[in-house]
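Below is one structure, written out as structure tokens; the observations come after it.
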Amino acid sequence: MKEINPFSLTYNPEYFCDREAQTTQLTNNLANGLNTLLHSPRRLGKTALILNTFNRLEQSKTCETFYIDLFAASKMQDLIGILADKVLKKYHSQNLMQGIKSLLKGINASLTFSPDGTPSLSLNLNEKQFDSTLAQLFDFLESRKNPVVIAFDEFQEVAGYPEKAEAILRTHIQQLSNVKFIFSGSTNHLLQEMFLGAKRPFYQSAEVMVLDKIDRNIYSEFITSTFLKNGKKINPEAVEYILGFTDVYTYYTQLICNQCFYNTDLNLEIDQTRQIINNYLESRKIDYLNILNMLSENQKKMVIAIAKDRLVEKPSAMEFLHRNNLPSASSSLQALKTLNDKEIIHKTITGYKVYDVFFERFLEKYF
Ligand SMILES: Nc1ncnc2c1ncn2[C@@H]1O[C@H](COP(=O)(O)OP(=O)(O)O)[C@@H](O)[C@H]1O
Ligand SMILES: [Mg+2]
């Protein structure tokens, strides 16, 4: 029999760790009629938090929710297309053609079918029809009896659209009272400028919520009890070792726990945990060497130096440059800037860090 791995890498309400306060806060913002900007570094759990909040809201039947992933939407037509597709399928699943006629009057819309027969909406809009299409969709949602929530995930993508997307969206969003929004994305300059730039349409339009790591004790308890619930045991030392290795970052913790659970028959001890983690790092070696090979010598030295210190407050400090055999402060800062732009390292409130925790461990181990 194939056993189910409870440490999944997609949202599973049955094995979701904590985020109680954040789920409540998001829900309260909605209840109070406030839009929310949710941001954090990548892979800490924003998408999962939104899905968890939506799952609860849908279960309580108090709200109707739409999760819109903008990762692959590179222009306004894509965004409107995804939204229209979701609205259509939620309210007109019995008769999509009829739905298109009533929701998208005067719009060039058709259904396409994937090889497995799944229908999806395809829109052909010219720029003048953005407003009228959005107006029809939002008018419909505005008239629902229950409140409606739309989450735009990876919302920073909108900043790069060729159209005046922010202004168009903002104009519609401002007029809605039954429809509330969650804007989510990774902490970076694009998102910050959208909401903090005084001249931008979304300036101060949402309550800001920054997602942090899950509390270490709560995560530890979650790992132990999840093993137990599924007929296995994990030694407390092994749990501590995992959380130390992953620095309690959600994605990395889930991934390591997934591997540890899979490789355990009944009882996981610390030695085997070390072994599983080493094997995993080893399996990523070629990818990481490839990343390194794409960097200049100065960038390589810089990222290795940051990995070894784990957190570097002042990367231009003489002591740091000397100890790591780095070039002049100006060349080093240039390398740092490139690494930051490539999102290989990132700046936190306390200093610079390597973005990918496993890459950091790899650099620590091999250099
Ligand atoms: N509270 C949680 N409990 C268990 N797994 C989680 C939790 N939050 C996130 N995850 C998992 O961690 C990974 C990263 O989360 P994700 O929501 O995709 O992060 P983000 O959207 O911030 O990049 C995903 O595999 C997700 O399923
Ligand atoms: Mg996400």
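The values are calculated or read from the model by the stated rules, or taken from the named source; none is laboratory data. Predicted, not measured: the structure shown is a model, and the values here were computed from it. Cβ sites come from the backbone with ideal geometry, for glycine too, and all protein chains shown count toward neighbours.
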Please specify each residue of the stretch 126-136 satisfying the condition of being assigned to a helix (DSSP H, G or I) and within 17 Å of GLU163 (Cβ to Cβ).
GLN129, PHE130, ASP131, SER132, THR133, LEU134, ALA135
Just to be sure, is PHE155 out of contact with any His (no Cβ under 7 Å at 6 or more places or on another chain) and in the same structural domain as GLY45 (by TED's automatic domain parsing)?
yes
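Limited to the stretch 242-274, what total is found for residues that are hydroxyl-bearing (Ser, Thr, Tyr), part of a helix (DSSP H, G or I) and closer than 24 Å to ARG19 by Cβ? Give the steps one after another, and end with the answer.
Applying the first criterion (hydroxyl-bearing (Ser, Thr, Tyr)) to the stretch 242-274 yields 246, 249-253, 262, 264, 273.
Imposing the further condition that a residue be part of a helix (DSSP H, G or I) reduces the set to 246, 250-253, 262, 273.
Pick out the ones that are also closer than 24 Å to ARG19 by Cβ and you get 246, 250-253.
The total comes to 5.
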Can you name the condition, by its number, that LEU79 falls short on among (1) among the aliphatic types (A, V, I, L, M); (2) within 23 Å of MET209 (Cβ to Cβ); (3) within 15 Å of ligand 2 (Cβ to nearest atom)?
(3)
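Being in contact (Cβ under 8 Å) with a residue 24 or more places away in the chain, at positive phi and charged (D, E, K, R) is true for just one of ARG216, ARG284, ARG274, ARG310. Which residue is that?
On the way: ARG216 fails: at positive phi; ARG284 fails: at positive phi; ARG274 fails: at positive phi.
Of the residues listed, the single one that is in contact (Cβ under 8 Å) with a residue 24 or more places away in the chain, at positive phi and charged (D, E, K, R) is ARG310.
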So the check is Cβ under 8 Å with 6+ separation or different chains; which pairs have a first residue in the stretch 27-44 that's within 16 Å of ligand 1 (Cβ to nearest atom) and a second one that's assigned to a helix (DSSP H, G or I) and among the basic types (Lys, Arg)?
THR27/ARG56; LEU38/LYS46; HIS39/LYS46; SER40/LYS46
Scanning the stretch 1-50 residue by residue, the ones that are among the polar types (S, T, N, Q) and not in a helix (DSSP H, G or I) total 8
If we take the stretch 51-125, then strands (runs of 3 or more DSSP E) inside it with 2 or more residues that are within 28 Å of GLN156 (Cα to Cα), modelled with pLDDT of 95 or more and of a type outside the set (S, T, N, Q) are 64-69
Answer residue from the stretch 45-56, given it is near ligand 1 (Cβ under 8 Å from one of its atoms) and among the polar types (S, T, N, Q) and is farthest from LEU243 (Cα to Cα) among those:
ASN52
Output for Cβ contacts, cut-off 6 Å, separation at least six or different chains, first residue assigned by TED's automatic domain parsing to the domain that holds ASP341 and modelled with pLDDT under 90 in the stretch 186-206, second assigned to a helix (DSSP H, G or I) and surrounded by 15 or more Cβ atoms within 10 Å (Cβ to Cβ), reads none
Restricting attention to the stretch 303-328, which residues are surrounded by 15 or more Cβ atoms within 10 Å (Cβ to Cβ) and assigned to a helix (DSSP H, G or I)?
VAL303, ILE304, ALA305, ILE306, ALA307, LYS308, ASP309, PHE320, LEU321
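Would you check if there is a residue in the stretch 328-351 being on the phi > 0 side of the Ramachandran plot, of a type outside the set (Phe, Trp, Tyr) and at pLDDT 95 or above?
First, pick out the residues of the stretch 328-351 that are on the phi > 0 side of the Ramachandran plot: 343, 351.
So of that shortlist, the ones also of a type outside the set (Phe, Trp, Tyr) come out as 343, 351.
Next cut, at pLDDT 95 or above only: 351.
Taking every residue of the stretch 328-351 in turn, at least one turns out to be on the phi > 0 side of the Ramachandran plot, of a type outside the set (Phe, Trp, Tyr) and at pLDDT 95 or above.
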The lone condition ILE182 fails out of (1) within 16 Å of ligand 1 (Cβ to nearest atom); (2) of a type in the set (A, V, I, L, M); (3) within 26 Å of GLY106 (Cα to Cα) is (3)
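Residue under question is ARG274, and the condition is that it be outside the structural domain of LEU26 (by TED's automatic domain parsing) and of a type in the set (Lys, Arg); does it hold? Show your work before the answer.
Working: outside the structural domain of LEU26 (by TED's automatic domain parsing): yes; of a type in the set (Lys, Arg): yes.
Criteria met by ARG274.
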Check whether at least one residue in the stretch 68-91 is within 16 Å of ligand 1 (Cβ to nearest atom) and among the β-branched types (Val, Ile, Thr), and report yes or no.
yes
Of the residues that make up the stretch 355-363, is at least one among the hydroxyl-bearing types (Ser, Thr, Tyr), under 19 Å from VAL248 (Cα atoms) and modelled with pLDDT of 95 or more?
yes
Which of the residues that make up the stretch 155-214 are within 15 Å of ligand 2 (Cβ to nearest atom), assigned to a strand (DSSP E or B) and either within 23 Å of LYS128 (Cβ to Cβ) or touching a Leu at 6+ places or on another chain (Cβ under 7 Å) (or both)?
ILE182, PHE183, SER184, GLY185, MET209
